[in-house]
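Right, one structure below, let's go through it.
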Amino acid sequence: MKTEERKAATAAYKERKLVTGIYAVRCLVSGNVWIGQSPNLDTIQNRLWFTLRLGNHPCRGLQSAWNDHGAEEFTFEALERLGDEDLVYVRDTLLKERVRYWRSSLDGFAI
């Protein structure tokens, strides 16, 4: 890859739009649901599965269920995608509000 191509690829990567939102991780065996929020829904599942496979996810309940049942018994679902918010504090406030809604409506646990 030439230097110009590399620079263009790097610039395109930095300018990409991030999809902020709420997600759910479900255990098919136990029926438990864990609800979380992320500033980038496109990459959060990879991060979650990586830390769970390593056995060092900070959510002990989720990690314990993963260890007991295995990766094949878990699903990931994007519950809600939030619109573009220019102001970070508005986005963060909206995320907190919506994650509370989803946790209460699905009787889910926090990630």
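None of the figures in this text is laboratory data; all of them are computed from the coordinates on show. From a predicted model like this one, the values you see are computed outputs, not experimental measurements. Using ideal geometry, Cβ is built from the backbone for each residue, glycine included, and neighbour counts are taken over all protein chains shown.
Table: residues versus (1) within 26 Å of Leu95 (Cα to Cα); (2) of a type in the set (Lys, Arg); (3) crowded, with 17+ Cβ neighbours inside 10 Å; (4) free of Cβ contacts under 8 Å to residues at least 60 places away in the same chain.
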site	(1), (2), (3), (4)
Lys14	yes, yes, no, yes
Val25	yes, no, yes, no
Gln37	yes, no, yes, no
Thr43	yes, no, no, yes
His57	yes, no, yes, yes
Leu62	yes, no, yes, yes
Q: Look through Glu80, Glu73 and report the one residue that is acidic (Asp, Glu), over 26 Å from Arg16 (Cα atoms) and surrounded by 11 or more Cβ atoms within 10 Å (Cβ to Cβ).
A: Glu73
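Going by what's in this entry, would Leu62 be described as closer than 15 Å to Gly31 by Cβ and within 15 Å of the chain's Cα centre (by Cα)? Talk me through it step by step, then tell me what you get.
Working: closer than 15 Å to Gly31 by Cβ: yes; within 15 Å of the chain's Cα centre (by Cα): yes.
So Leu62 fits the description; yes.
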